1. How many of the residues making up the stretch 116-148 are of a type in the set (A, V, I, L, M, F, W, C), surrounded by fewer than 20 Cβ atoms within 10 Å (Cβ to Cβ), closer than 13 Å to Val91 by Cβ and under 15 Å from the mean Cα position of the chain (by Cα)?
2. Every residue in the stretch 259-297 that is assigned to a loop (DSSP other than H, G, I, E, B), over 21 Å from Arg90 (Cα atoms) and polar (S, T, N, Q), please.
3. Of Thr230, Thr206, which residue is at pLDDT below 95, in a strand (DSSP E or B) and within 14 Å of the ligand (Cβ to nearest atom)?
4. Quick check: anything in the stretch 236-243 surrounded by fewer than 21 Cβ atoms within 10 Å (Cβ to Cβ), within 14 Å of the ligand (Cβ to nearest atom), in contact (Cβ under 8 Å) with a residue 24 or more places away in the chain and among the charged types (D, E, K, R)?
5. If you go through the stretch 180-190 one residue at a time, do you hit one that is within 16 Å of the ligand (Cβ to nearest atom) and either surrounded by fewer than 16 Cβ atoms within 10 Å (Cβ to Cβ) or modelled with pLDDT under 95 (or both)?
6. Filter the stretch 276-293 down to the residues that are in contact (Cβ under 8 Å) with a residue 24 or more places away in the chain, surrounded by fewer than 21 Cβ atoms within 10 Å (Cβ to Cβ) and not β-branched (Val, Ile, Thr) and list them by number.
7. Between Ile256, Ile201, Ile220, which is among the hydrophobic types (A, V, I, L, M, F, W, C), more than 10 Å from the ligand (Cβ to nearest atom) and not in a helix (DSSP H, G or I)?
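The values are calculated or read from the model by the stated rules, or taken from the named source; none is laboratory data. Keep in mind the model is a prediction, meaning the values are calculated, not measured. Glycine gets a Cβ as well: all are built from the backbone with ideal geometry, and neighbour counts include every protein chain shown.
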Amino acid sequence: MIRNYLIAGPASQILSQQVAKLMDLPIIETEFKKFPDGENYVRLKIEDESPLKDSEVIIIQSTDYPQNDHLWELLYLISISKRIEAKKIRVVVPYLAYSRQDKIFLPGEAVSARLICKLIENAGATEFFTIDLHSADVLSEFSIPTHNLDAMPLLADYLKKQELKDPVVVSPDKGSRKRSEQFANLIGAELVMFDKSRDKITGEITMSGDAKLENRDVAIADDIISTGSTMAAAMKLAKQGGARKLYALCTHPLLIKNAMDRLYDAGVESIIGTNTVSSPVSVVSVAPLIKESLTEK
Ligand code: R5P
């Protein structure tokens, strides 16, 4: 019989515990540190490597801030599993760093997202899982099986438990249209399109749209809230259009620096995120979604 183990990456310890519990899997914890010169160290907390030989391992490690540390830890964990000769190395990266650098925006850049996919495969991954990837196209870089899981139904279920008044889903930009349409269907709401433009050099955002939202509750469901600038700009416009309560939802609540304040200042009533990354608003667990995908035949 093939043995299965779940390796809890340093960045995803609680989520790993949740998935291990749901799947009734033994968990392997990790020891990790940074050397004085800044180099990363990680080891599996095991005394004997032999049980892992020919086993199937699942590694769960998100790659949010500090991205580069978490990426190196991930690559080491894959490489350790390969050296120990695990039969299958199933890699779950709930949030994939650099996913927004999915193409060349200015001459001379790297397509970071694609490079990271290559590194993960070359380190020894045999299957790859992620959640609400900013651009699913980058998965074409892999030659192993890949899965881009959809957390929107979980967020929609959470939102439906709030008492919404005449809800509207706003799509903050063209890139979010498909996701917003899906979200609107999930909660049974109308869809309104806004239009975002971002200065390629300064990153400054301009939001426009015809928003007549008098006394209606507005929800925006994005893949990422990072600085909160996109969400805040859309929410301000919705508020100007007369919206009542504003709900900001996202799969990956990176919430850099004062992002939460920026959203509350824009009039947001509630920020709702998943635990692909740890944050004060990570109230929706993706553990059942990961379990379901890992056990699918
Ligand atoms: C952009 O296309 C993404 O879907 C997010 O809207 C964006 O990356 C969020 O970043 P920020 O919170 O910094 O505006």
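1. Keep residues of the stretch 116-148 that are of a type in the set (A, V, I, L, M, F, W, C), which gives 116-117, 119-120, 123, 125, 128-129, 131, 133, 136, 138-139, 142, 144.
Applying the additional criterion that residues be surrounded by fewer than 20 Cβ atoms within 10 Å (Cβ to Cβ) yields 119, 123, 136, 139, 142, 144.
Applying the additional criterion that residues be closer than 13 Å to Val91 by Cβ yields 119, 123, 139, 142, 144.
Keeping just the survivors that are under 15 Å from the mean Cα position of the chain (by Cα) gives 139.
Final tally of qualifying residues: 1.
2. Ser278, Ser279
3. On the way: Thr230 fails: in a strand (DSSP E or B).
Testing whether each residue is at pLDDT below 95, in a strand (DSSP E or B) and within 14 Å of the ligand (Cβ to nearest atom) leaves just Thr206.
4. Yes: one or more hits.
5. Scanning the stretch 180-190, I find at least one residue that is within 16 Å of the ligand (Cβ to nearest atom) and either surrounded by fewer than 16 Cβ atoms within 10 Å (Cβ to Cβ) or modelled with pLDDT under 95 (or both), so the answer is yes.
6. Listed by number, the residues that qualify are Ser278, Ser279, Pro280, Ser282, Ser285, Pro288, Lys291, Ser293.
7. Testing whether each residue is among the hydrophobic types (A, V, I, L, M, F, W, C), more than 10 Å from the ligand (Cβ to nearest atom) and not in a helix (DSSP H, G or I) leaves just Ile201.
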